[in-house]
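> Below is one structure. I have some questions about it.
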Amino acid sequence: MESGHLLSTYRENACRATCSATGAPGLPVDGAPWQPVMWWRIGLRWFAPLTLAMIMLAAALSMPVARAAVLSPGDDPFYAAPPDLASHPNGAVLGARTIPLLGLPIPVAAWQLRYRTTDSEEHPQLDVTTVLVPPVPWNGPRPVLSYQVPENSLDTRCAPSATLRGGSDSNMASAMQDAPFIADALLRGWAVVVSDYEGPQSRLFDGVTSGRGVLDGIRAALSFPPAGIDASSPIGAWGYSSGAFATLWATQLRQEYAPDVRFVGTSAGGIPTDIPAVAQRADGAVGAILILLGLARNEPDSRLADLLNDRGRRALLAADTSSCGADLAQEYSDIHVDDLAAVPNLLAQPAFRNAAMPNELGRTTPDTPLYLYHSVADEKIPVAGYTALVDAYCAQGATLTAIHSLFPTHIGAAAGEAFGGMNFLADRFAGTPKASGCVVQ
């Protein structure tokens with residue numbers, strides 16, 4: 001299907017589902033969140049992005065030889081930091097290459113940029129971001145969407161830049177979960193920036209490292225002339241699940257760390273808040289193991305690693321080499337956190353809470369309009385933490401719309417509420433002001 005025809009079909013179907021009486025796309029006229037009884041409208045909205053994503057997935061899975069040729073970041077010289085890294089400012093582009101998106105002949109211009117950032121320990125580090133620009137004309141500065149993929153990894157082999165280039169076979173399906181949403185943004189004509197916000201040490205649930213990695217990835221993209229975007233482009237931020245964690249950390253840090261990067265809006269859903277409660281809910285599945293190993297590695301001063309037994313210490317050592325979420329899901333299925341611990345009830349220990357505490361969202365007020373959503377029946381991330389975060393933001397004077405979604409499950413809310421989040425950003429890109437204050441539904 002030609003890209004222009006696909007764009008036309010998408011806009012027509014999206015408008016049928018969401019346009020007001022004036023023909024303007026957006027939320028329903030009454031402003032209410034989408035409810036589960038409206039799945040047929042969800043189907044209409046996601047018809048073109050989902051179709052494009054499925055074409056991409058089918059083509060990717062049919063080209064194993066091409067994907068196998070992609071080097072992992074650990075073996076790819078592009079990811080190696082230059083000796084003079086510390087001498088460059090944050091966001092400086094230190095190298096660039098064009099890539100075929102997913103290793104396929106998709107009509108989207110795609111580049112990967114090496115850039116300097118600074119981690120939570122104030123060390124300079126080299127990150128990589130992927131910049132995607134659709135072949136859709138745009139009058140005026142093209143909007144830029146900073147899209148944070150849920151990386152869920154302790155290994156750079158599963159970084160977004162690797163999967164978007166067509167590497168990491170075992171994680172291709174995971175990466176493709178985000179393809180309909182990225183496709184939606186591209187079909188709207190927006191440029192998309194996808195940064196490896198966990199950094200070269202894959203620091204899962206490191207709030208400051210993640211937020212700075214996002215902000216400096218945007219800086220790098222805006223200073224790269226071939227992409228056709230620059231400081232005049234309106235910038236929005238998006239993320240779901242652990243991608244929402246990175247997105248909101250970037251939004252919180254923006255004013256202090258990168259005042260030159262101004263967001264017109266942020267959309268985030270399925271937000272990991274109260275990290276111990278998230279780990280407790282996930283205990284017995286891979287999510288809890290990822291959180292445990294990530295915090296033990298990232299926060300050595302917490303002495304969390306000292307509470308691991310021999311099996312836990314071996315797992316922590318192995319986390320540097322083969323700990324993509326898919327790898328751990330196979331190795332640690334039906335394993336509980338206490339199976340790796342030398343003390344009972346590890347998730348309630350002060351060391352675990354001390355490791356999580358610096359990475360909790362909510363202590364800083366975002367100065368950006370927010371659109372937040374979370375399923376009241378989320379089986380992965382308890383909704384109580386989301387409600388507490390919304391209350392904290394509102395008490396601090398944030399401008400936000402918060403949806404307590406009736407779409408069931410973590411994945412259900414990701415699909416069901418995403419179009420509202422995208423339309424919120426579209427309104428901000430169009431210059432429509434958002435009234436100050438909190439609207440909580």
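> Quick check for me: using +1 on Lys/Arg Cβ and -1 on Asp/Glu Cβ, what's the dipole size of region 321-441 about its Cα centre, in debye to the nearest 20?
540 debye
> Something else: Could you compute how much accessible surface residue 158 exposes when probed at 1.4 Å, giving the result in Å² to the nearest 10?
10 Å²
> Within the accessible area of region 321-441, what % is carbon and sulfur when the probe is 1.4 Å and the other protein chains stay in place?
57 percent
> Here is a follow-up. Would you report the distance distribution of C-alpha pairs in region 402-441 as whole percents per 10 angstrom bin, up to the bin with the largest distance?
Histogram of Cα-Cα distances, whole percents per bin: 26, 47, 25, 2.
> What nm value, rounded to one decimal, do you get for the distance between residue 69 and residue 303 when each label is placed 7 Å out toward the C-beta?
5.4 nm
> Same structure, new question: Amide H of residue 95 versus every other amide H placed in the peptide plane: which residues, excluding those fewer than 5 positions away on the same chain, fall under 5 Å?
For residue 95, whose amide H was placed from the backbone, the distant partners under 5 Å are 114.
> Would you please state which residues of region 175-195 a label at residue 432 would reach in this model, taking the label point 7 Å out along Cα→Cβ and a backbone N cut-off of under 20 Å?
Answer for region 175-195: 184-191.
> Next question, about the same structure. Quick check: pseudo-label points 7 Å beyond the Cα along Cα→Cβ at residue 348 and residue 379, how many nm apart are they?
For the pair residue 348/residue 379, the computed spacing is 2.6 nm.
> Could you check how much of the accessible area of region 143-246 is carbon and sulfur, as a whole percent, using a 1.4 Å probe?
54 percent
> Right, something else. Could you report the accessible area of residue 376 in Å², rounded to 10, computed with a 1.4 Å probe on the protein chains as they sit in the structure?
The accessible area comes out at roughly 70 Å².
> What does the charge count near residue 194 come to, summing +1 for each Lys or Arg and -1 for each Asp or Glu among other residues with Cβ under 13 Å from its Cβ?
-4
> What net charge is computed for the residues neighbouring residue 340, neighbours being all others with C-beta under 10 Å from the C-beta of residue 340, Lys and Arg scored +1, Asp and Glu -1?
0
> Provide the net charge surrounding residue 254, with neighbours chosen by a C-beta distance below 13 Å and charges set as Lys +1, Arg +1, Asp -1, Glu -1.
Around residue 254, the surrounding residues sum to -1.
> Take residue 439 and residue 396, extend 7 Å from each Cα along the Cα→Cβ direction, and tell me the distance between the two endpoints in nm.
2.3 nm
> Can I ask one more? How much accessible area does residue 357 have with a 1.4 Å probe, in Å² rounded to the nearest 10?
110 Å²
> Given +1 on the Cβ of Lys and Arg, -1 on the Cβ of Asp and Glu, and no further charges, what dipole in debye does region 176-251 carry about its Cα centre, rounded to the nearest 20?
Computed charge dipole of region 176-251: roughly 100 debye.
> Among 204, 153, 238, which residue has its Cα furthest toward the positive end of the charge dipole of region 127-263, with +1 on Lys/Arg Cβ and -1 on Asp/Glu Cβ?
Checking the options against the dipole of region 127-263, the answer is 238.
> Okay, moving on. With a probe of 1.4 Å, find how much accessible area region 109-241 has per residue, and write the answer as a whole number in Å².
25 Å²
The values are calculated or read from the model by the stated rules, or taken from the named source; none is laboratory data. This is a predicted model, so every value here is computed, not measured. Using ideal geometry, Cβ is built from the backbone for each residue, glycine included, and neighbour counts are taken over all protein chains shown. These area figures cover heavy atoms from the full protein model, side chains too; ligands, DNA and RNA do not enter into them. Shrake-Rupley method; radii C 1.70, N 1.55, O 1.52, S 1.80 Å.
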